[in-house]
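The values are calculated or read from the model by the stated rules, or taken from the named source; none is laboratory data. Quick caveat: nothing in here was measured; it's all calculated off a predicted structure. Glycine gets a Cβ as well: all are built from the backbone with ideal geometry, and neighbour counts include every protein chain shown.
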Amino acid sequence: MRKAWTFVALFLGMVAIAIYTSSTAIEIIATTTGLLCVWLTAKENIWSWPIGLVNVGCFFVMFGEAKLYADTMLQVFFFILSVYGWIIWLTKREGTKVRPTRKITRKLTFTLSVCMVVMTLLWGYVLQTYTDASIPYADAFIATLSLIAQYLLSSKVLENWLIWMTVDVMSVAMYAYKELYAVAFLYLIFLFIAAAGYVGWKRALHMEDRRNLICQNTTEQV
């Protein structure tokens, strides 16, 4: 019950900040749906995905107007990955509401690390050369990390939260610089929710591993 009231307080605070900073209607919708989406994701609630699709649409328009083109293009990928995540979370549930959490593998870590470097350099070059993006390489780096984090989140991989926390810290600085104060405040809240999400998912993963170990030992004894 206390957690529910905490979320309500944060939600109302987010709306108040958005209005106080003279945000547009679409920015208010984007920030509030974003907060709700991340909170539901940390709770492993499947409703995070449809709400997330609304959030993606709002950010697509808003970032385009702010000339953050990497983030604008990123929303297209987010839309695709959100649909993918919605499907993945509902498959191989093993008797649970959503698919169980898993840890990242060394092979996937290496692959994503290479992709991060290559995509950031290429994306940053394109933005710097062919657009009037204000901070092309920083924009591209944050966008690339966000894309990787979203892929891991959609795939139900625990470490997605660690990457999201990194993204959140950098995003607070970037959006404050672009005077998108409501969005900057939103990402500050995201940082704390991501930390809570990591702790919660890790605890659930340990509990699942313990149950599997007990079942395995019981089977061997029989």
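Structure values in brief
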{"item": "Selection status of ILE46, at pLDDT 80 or above, of a type in the set (A, V, I, L, M) and part of a loop (DSSP other than H, G, I, E, B)", "result": "yes"}
{"item": "Cross-chain or 6+ apart pairs with Cβ under 6 Å, segment 169-180 first and closer than 16 Å to PHE192 by Cα, then surrounded by fewer than 19 Cβ atoms within 10 Å (Cβ to Cβ)", "result": "VAL172/LEU188"}
{"item": "Residues that are touching a strand residue (DSSP E or B) at 6+ places or on another chain (Cβ under 9 Å) and at positive phi, drawn from segment 155-207", "result": "LYS156"}
{"item": "MET14, sole failed condition from (1) in contact with a Leu (Cβ under 9 Å, 6 or more places away or on another chain); (2) at pLDDT 90 or above; (3) surrounded by 19 or more Cβ atoms within 10 Å (Cβ to Cβ)", "result": "(2)"}
{"item": "Complete set of residues in segment 115-155 that are among the β-branched types (Val, Ile, Thr) and part of a helix (DSSP H, G or I)", "result": "VAL117, VAL118, THR120, VAL126, THR129, ILE142, THR144, ILE148"}
{"item": "Pairs with Cβ under 7 Å, 6+ apart, first in segment 84-97 and farther than 16 Å from GLY52 by Cα, second part of a helix (DSSP H, G or I)", "result": "none"}
{"item": "Within segment 43-59, considering residues that are under 24 Å from MET174 (Cα atoms) and surrounded by 19 or more Cβ atoms within 10 Å (Cβ to Cβ), the one farthest from the chain's Cα centre (by Cα)", "result": "CYS58"}
{"item": "Which listed residue, of LEU112, LEU81, LEU40, is under 14 Å from the mean Cα position of the chain (by Cα), touching a residue at least 24 places away in the same chain (Cβ under 8 Å) and either closer than 20 Å to PHE185 by Cα or part of a helix (DSSP H, G or I) (or both)", "result": "LEU81"}
